[in-house]
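Here is the structure we will look at, set down as structure tokens.
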Amino acid sequence: MAGSIRTTCLCLSMLLATGACGASELQAFVKDQDGKPVIDAVVLATPGDGASLPRAKPKDEIIDQIDKEFVPHVKPVLVGSLVHFPNKDNIRHHVYSFSPARKFELPLYSGRTAAPVLFDKPGVVILGCNIHDWMLGYIYVSNTPFFAKTGAAGKASISDLPAGEYSVRVWHPRMEGAEEKTSRSVALAAGGSAGVEWQVTLKPELRIPRASIGHGSSYH
């Protein structure tokens with residue numbers, strides 16, 4: 001009896017500290033049409049049993065500019081997040097987006113901190129640079145706090161999920177077909193784990209080749 005009470009007290013303490021007791025985990029694997037692992041796929045889990053999304057505090061996020069590329073190439077963030085765009089290149093960049101989810105422009109800047117950008121609407125935001133046309137990046141603004149991005153092995157893990165039914169989907173910038181068509185129903189038991197796998201068809205990457213830049217321009 002005493003042991004049972006101690007276990008209950010420990011679980012309640014964890015609940016107060018982390019907001020979860022017996023949290024579950026979702027393991028995801030994404031491969032392409034040839035069976036190869038897909039990097040930079042965003043995996044999202046939304047409660048599918050009518051439960052409302054838990055309130056989560058958005059974080060300050062970073063997309064850097066290194067060697068005339070956006071780093072990371074794909075960045076999932078929670079809706080309401082502020083994203084900073086530091087410039088580690090010793091040149092000027094001019095970041096912009098025309099995407100409906102967030103249109104913005106950061107004028108030419110180098111050697112100083114640009115103002116962060118608020119992403120307050122869910123959706124995909126495509127990033128570009130007015131100076132370096134080959135620079136391309138993506139921000140996936142999620143309305144669910146349960147998301148992760150696959151690494152080089154095509155795997156992603158979403159932890160600290162409350163037990164229940166979830167609708168799980170995947171998105172990738174080169175994926176053919178609608179994101180909604182990838183939705184899967186997954187049941188998670190308290191303290192357990194579940195795996196889900198996708199095979200997606202990726203379109204060829206169409207990017208403007210990197211320019212051969214001389215040293216005479218202060219913009220490059």
Inspect segment 82-103 for any residue being under 21 Å from Ala178 (Cβ atoms), under 15 Å from the mean Cα position of the chain (by Cα) and of a type outside the set (Gly, Ala, Ser) and give the result as yes or no.
no
Residue pairs, Cβ under 8 Å, 6 or more apart or interchain, first in segment 183-197 and over 15 Å from Phe146 (Cα atoms), second of a type in the set (D, E, K, R) and in a strand (DSSP E or B). List them.
Gly192/Glu25; Glu197/Lys31
Checking Ala152 against (1) aliphatic (A, V, I, L, M); (2) outside the structural domain of Pro37 (by TED's automatic domain parsing); (3) surrounded by fewer than 13 Cβ atoms within 10 Å (Cβ to Cβ): exactly one of these is not met. Which one?
(2)
Restricting attention to strands (runs of 3 or more DSSP E) lying wholly within segment 61-138, give those where 3 or more residues are closer than 23 Å to Pro209 by Cβ.
64-66, 69-71, 93-99, 123-129
Scanning segment 161-196 residue by residue, the ones that are surrounded by 13 or more Cβ atoms within 10 Å (Cβ to Cβ) and not in a loop (DSSP other than H, G, I, E, B) total 19
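The values are calculated or read from the model by the stated rules, or taken from the named source; none is laboratory data. Because the structure is predicted, anything quoted here is derived from the model rather than measured. For neighbour counting, all protein chains shown are included, and Cβ atoms are generated from backbone atoms with ideal geometry for every residue, glycine included.
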